[in-house]
Each structure stands twice: as structure tokens, then as C-alpha cells.
Ligand SMILES: *Cc1c(COP(=O)(O)O)cnc(C)c1O
């Protein structure tokens, strides 16, 4: 067993003063039956906790760290920016550079507004869609997570799903009534909502590849069917690429699946590890955002110099070196094959989903294609597996309903060690 005594004592102090001891529920190890390890530092593919244990990290700060931790060019960009002042609350050249970079990578983004988190991006995007259409209802998919704004905590994925609170108390009925839920990978479930609420639906929002009920890829044509349904019915098509943007391809899911959103929401990688989000899309729609138009949305720290410096450097590196994405694919595929051979060799009741460098091993034999099939996974077995892996120095998300992330910093040795640890851990827990 790994010694985590210092983490445990910090956690005991934390729970007294921070709800649940953590500043975001997904960081708690509650669903895997232990207290979290406290991280002291990170570099490349590795994390070190406060007890000095080393881990190979597959959480990557929940997505942003696609180049690995403490990338020297990003660290340097932040340091240089800080010397000139950490915030001005005024227009800067970096914000313009960031906007132009995003538009050059994602052609559907004709205009873009920077915010401070993915949650801010999605909540602003639906306000904008409502302003643009003059309608009030939105469609989201069961098990998709779009941040913690009221409208999205209806059959929500990620921590809400893990902790069994997909419909949070505190969300007014008047707001939840305007969120309609459809079934992921089932375009007919969307058609019937559109039929039932003609001319009432402002927006449809989706994770193009779901990461927040574990990794669930879209069926062929699912996304293009949704695109067509939205166009036919005057519904704003919002593709939430907070996780998938710059991750599954440089241009995100919209590039990989060849779809054109009306609005795209971004976060995670775009901040290089600093708190950043963005929403952007068609000029006609984005022109409604204040002060160009009447839809109000603001932010004291939006476009913050440190965050822009980190994000710009991140996007420049990704844009200038397409081999990053082929390396990510190659390494992720090798890891997937390693797991597959363990599953087949020991005939284990598991299945895997993967899109590029996003993947999940589900503790079920059924194909996981939506919320219901994801929920069929054996979370007790997952908890045992998680603990075995942690004790072997592999840091996974402490929930079955999350994706794992490969980074460009993961080495061949990391992957071999992960496969080896997985075989031991699975044999101890699944049988
Ligand atoms: C993480 C995430 C969000 C929320 O972003 P925060 O920065 O945590 O507010 C929204 N949508 C998706 C798809 C995400 O993965």
C-alpha cells in the first residue's frame, strides 16, 4: 500500500472548512471509497503527491494538459506576462491574437468572446441562443455535462452522475422546465421533442464526443442529423467542445466529424491550464453580444493576460506541429490494444470506448452508447480497480463516468507500466 498519510491529514483539515474537502466534486475520491491524494507538483506525464508518491497521470487536470504538465514554453509565457501586470480590465493585443488564433483553427468561429470557464461559455451560449431566436427551451442530452449552470443540471453527467445527483436541488422548476432531454445517439428522440414543442426550442447543445459519462463516441451521421434538424427548425446548434476542442483533432470534433456548429463553446486546453473559456460562432449570432448588441455578458477578468499568454502559447504549439495528434493517436491506440489483449486473455466483462486521446474502460460487457448503457457499469468493481491502480502509481479519474486523457508527454515506458499495472489490478478486482 502506498503511504498517503500526509494527504489524509490535509484532507481531515480540509473537510472542516471546504465543503467535502475539495473545490470541485470530481476531485473527491468519495465514490471510490477513500480520501483524495493532495498533489504537490507535476511535470510531463507525472504527478507527485505531498507524501512524495509518483503517479503516471491520466487525468491531465480533466483535459487541459495535452502537452503534459509544466510545459517549459507555457510556463515561460506565463512568467513573462506576469512581469507586465496580472490584470488591467482593459483591451489588450493578446486577446486579439487569441481570437484570431481560434478563428484560424476553427473556421466556424467567425467571432469569439473570451470568458473564464467552460461553465461561463455554455451558460452565455444558451442566453445568446435565446436572445437570437426569441425562444426559451433548450435540448440537452442525458449524461452530457455542460458545466454547473442551472439549465444544465438536468440528467447531468460527470460529478453529478458519479455522486447520484444528476438533477441538483436548488435549480428552480421554472428553469428546469425549459431544459428538454434527449437520448444520446438517438436522433429520433430529438425529432419527437421538436414535434412536441414546435417553434419553442432556442438551442440544442451537445458534447460531440461525450467525455462526461465516460467516453462515448457519436454514431456515424448522428451529429450531421442533428445539424440538419437544427437548420430545418431554426434551432441554434451549440457544439460544446470544452473537452474535445484541440483534443481529438486540432480543430476539435467539428473537424473530425465535418460538422458546422452555429456556436462552439471552448475551455480546458484553450487556457493551457489557466482558467479560460470562450464561445464563438456565426457573426450574425455573435453580433448580438454586448456591446455590439443587446445580449448582456461581461467579465472583470475575461481575457486575462496570464490566461491569454498560456492559451496562445498552447494553441501555437498545437497548430505548428500536427505530429502531436498522430503521436497521441498512436500512443492511445497502443494503450487500448494493451487493455484489449488483457480483456480477451482473461475473458473479462469489460468494454472500451476511445476517440483519439480520450478513452474509458467500462466495467460492463454491453456496448456503452448512451446514459442508460453507461449507468449499467459496475461502479463497485471500478472503485476496487481505481484503488489498485493508484497503489501501483497510476492516477485515473476517481469515477467510472469520466474519460482518461493521453498527453504528448506520456512515454512508451509509461504505457507499458500502465498496461502491466492494469493486468494486475483487473485480475485482483474483476474476477
Ligand atoms: C469541463 C466541461 C465543462 C465545464 O467547464 P468548467 O471550466 O469546468 O466550467 C463544460 N462542458 C464540457 C463538455 C466539459 O467537459
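Quick notes on this structure:
- Annotation for the stretch 179-196: no member residue is buried (at least 24 other Cβ atoms within 10 Å of the Cβ), within 15 Å of the ligand (Cβ to nearest atom) and more than 30 Å from residue 29 (Cα to Cα).
- Among (1) surrounded by fewer than 20 Cβ atoms within 10 Å (Cβ to Cβ); (2) under 18 Å from the mean Cα position of the chain (by Cα); (3) in a loop (DSSP other than H, G, I, E, B) - the single one residue 61 does not satisfy: (3)
- Residue ID - farthest from the ligand (Cβ to nearest atom), chosen from residues in the stretch 146-162 that are more than 17 Å from the chain's Cα centre (by Cα) and crowded, with 17+ Cβ neighbours inside 10 Å: 154
- Qualifying residue in the stretch 35-54 (condition: without any contact (Cβ under 8 Å) to a residue 24 or more places away in the chain, in a loop (DSSP other than H, G, I, E, B) and farther than 24 Å from residue 359 by Cβ): yes
- Residue count, the stretch 39-51 (criterion: surrounded by fewer than 18 Cβ atoms within 10 Å (Cβ to Cβ) and either more than 20 Å from residue 63 (Cβ to Cβ) or out of contact with any strand residue (DSSP E or B) (no Cβ under 9 Å at 6 or more places or on another chain) (or both)): 4
- Check on residue 211, near the ligand (Cβ under 9 Å from one of its atoms) and in contact (Cβ under 8 Å) with a residue 60 or more places away in the chain: yes
- Residue in the stretch 216-230 that is surrounded by fewer than 16 Cβ atoms within 10 Å (Cβ to Cβ), touching a strand residue (DSSP E or B) at 6+ places or on another chain (Cβ under 9 Å) and assigned to a helix (DSSP H, G or I) present: no
- Checking residue 54 against (1) within 25 Å of residue 308 (Cα to Cα); (2) surrounded by fewer than 16 Cβ atoms within 10 Å (Cβ to Cβ); (3) touching a strand residue (DSSP E or B) at 6+ places or on another chain (Cβ under 6 Å), the condition it does not meet: (1)
- Qualifying residue in the stretch 1-17 (condition: modelled with pLDDT under 95 and either closer than 30 Å to residue 124 by Cβ or surrounded by 12 or more Cβ atoms within 10 Å (Cβ to Cβ) (or both)): yes
- Only residues that are assigned to a helix (DSSP H, G or I) and surrounded by fewer than 17 Cβ atoms within 10 Å (Cβ to Cβ) were counted in the stretch 402-418, giving 4.
- Of all residues in the stretch 219-251, those satisfying the criterion of being within 13 Å of the ligand (Cβ to nearest atom) and closer than 23 Å to residue 200 by Cβ are 238, 239, 240.
- Hey, residue 100 over 17 Å from residue 208 (Cβ atoms), surrounded by fewer than 24 Cβ atoms within 10 Å (Cβ to Cβ), free of Cβ contacts under 8 Å to residues at least 12 places away in the same chain and away from the ligand (no atom under 14 Å from the Cβ) or not: yes
- Scanning the stretch 257-269 for residues that are within 15 Å of the ligand (Cβ to nearest atom) and out of contact with any strand residue (DSSP E or B) (no Cβ under 8 Å at 6 or more places or on another chain) turns up 268, 269.
- Of the residues making up the stretch 283-304, those that are under 24 Å from the mean Cα position of the chain (by Cα) and either without any contact (Cβ under 8 Å) to a residue 24 or more places away in the chain or surrounded by fewer than 22 Cβ atoms within 10 Å (Cβ to Cβ) (or both) are 297, 298, 299, 301, 302.
- Pair list, Cβ under 6 Å, 6 or more apart: the stretch 225-244 residue farther than 11 Å from residue 261 by Cα, other residue assigned to a helix (DSSP H, G or I) and away from the ligand (no atom under 16 Å from the Cβ): 225/187; 229/190; 233/194
- Some residue of the stretch 253-272 being touching a helix residue (DSSP H, G or I) at 6+ places or on another chain (Cβ under 9 Å), free of Cβ contacts under 8 Å to residues at least 40 places away in the same chain and surrounded by fewer than 21 Cβ atoms within 10 Å (Cβ to Cβ): yes
The values are calculated or read from the model by the stated rules, or taken from the named source; none is laboratory data. Please read all numbers here as calculations on a predicted model, not as lab measurements. Using ideal geometry, Cβ is built from the backbone for each residue, glycine included, and neighbour counts are taken over all protein chains shown.
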